[in-house]
Amino acid sequence: MKRRSKRQTYICLVLTLLLVTASCAFGALAQTPARKAAAVQIGVGLDTKSTTQSQLANLIRTEVDSRGIAATDQEVQKVAKDALNLLNRSKDPQKGVIYIHTKKFTFCASWGADKTFCKSH
């Protein structure tokens, strides 16, 4: 009889440890931080697609500052450079829209007939 009660004791001990481990794991998962909200979209409208990197950087910096987004000058310059590259590769000089996604914001630039697209979407 003692042998059976020892076996039951061990089984109960193992099951209790499994239950405690599972509840700790569930508690740790429940305490993970909530996902961040989607990145903010900033948009600029250009009359034509011919612009310079410094002009784009100034427009981006103005929009970022007005939205209260903490972006370094390096981040702004990278977005301006990438935007300028996409502008130069675009096929239609009369109108167009480009997007650049970063961790902090999504940059949208539209020009020509589509000039108001980024501001309205």
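Condition check ((1) among the small types (Gly, Ala, Ser); (2) loosely packed, with under 10 Cβ neighbours inside 10 Å; (3) in contact with a Leu (Cβ under 6 Å, 6 or more places away or on another chain); (4) modelled with pLDDT under 90) across all residues:
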{"position": "ALA34", "(1), (2), (3), (4)": "yes, yes, no, yes"}
{"position": "ALA39", "(1), (2), (3), (4)": "yes, no, no, yes"}
{"position": "VAL44", "(1), (2), (3), (4)": "no, no, yes, no"}
{"position": "LEU86", "(1), (2), (3), (4)": "no, no, no, no"}
{"position": "PRO93", "(1), (2), (3), (4)": "no, no, no, yes"}
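Could you grab me the full set of residues in the stretch 96-116 that are surrounded by 15 or more Cβ atoms within 10 Å (Cβ to Cβ), at pLDDT 90 or above and of a type in the set (D, E, K, R)? Hit for the stretch 96-116 is LYS104, nothing else.
Sub-8 Å Cβ pairs linking a first residue in the stretch 80-104 that is aliphatic (A, V, I, L, M) to a second residue that is assigned to a helix (DSSP H, G or I) and exposed (fewer than 13 other Cβ atoms within 10 Å of the Cβ), at least 6 apart or interchain, are ALA80/SER54, ordered by first then second residue. Within the stretch 69-95, the only residue that satisfies the criterion of being within 16 Å of THR51 (Cα to Cα) and touching a Phe, Trp or Tyr at 6+ places or on another chain (Cβ under 6 Å) is VAL79.
Do you know which residues across the stretch 87-121 are outside any strand (DSSP E or B), closer than 21 Å to GLN77 by Cα and out of contact with any Gly (no Cβ under 9 Å at 6 or more places or on another chain)? Once the filter is applied, which keeps residues that are outside any strand (DSSP E or B), closer than 21 Å to GLN77 by Cα and out of contact with any Gly (no Cβ under 9 Å at 6 or more places or on another chain), the stretch 87-121 yields ASN88, ARG89, THR102, LYS103, LYS104. Among the residues making up the stretch 75-97, those that are under 19 Å from ARG61 (Cβ atoms) and touching a helix residue (DSSP H, G or I) at 6+ places or on another chain (Cβ under 9 Å) are GLU75, VAL76, GLN77, VAL79, ALA80, LYS81, ALA83, LEU84, LEU87. Test THR52 against the stated conditions and say whether it is at pLDDT 90 or above and surrounded by 12 or more Cβ atoms within 10 Å (Cβ to Cβ). Spelling it out, it is not the case that THR52 is at pLDDT 90 or above and surrounded by 12 or more Cβ atoms within 10 Å (Cβ to Cβ). Residue check: is ASP65 more than 18 Å from LYS115 (Cα to Cα), in contact with a Phe, Trp or Tyr (Cβ under 9 Å, 6 or more places away or on another chain) and either part of a strand (DSSP E or B) or modelled with pLDDT of 60 or more (or both)? The answer is no for ASP65. Each residue in the stretch 46-74 was checked for being among the small types (Gly, Ala, Ser) and touching a helix residue (DSSP H, G or I) at 6+ places or on another chain (Cβ under 7 Å), and 2 of them qualify.
The values are calculated or read from the model by the stated rules, or taken from the named source; none is laboratory data. The structure displayed is predicted, hence computed values, not measured ones. Reconstructed Cβ throughout: ideal geometry from the backbone, glycine too, with neighbour counts over all protein chains shown.
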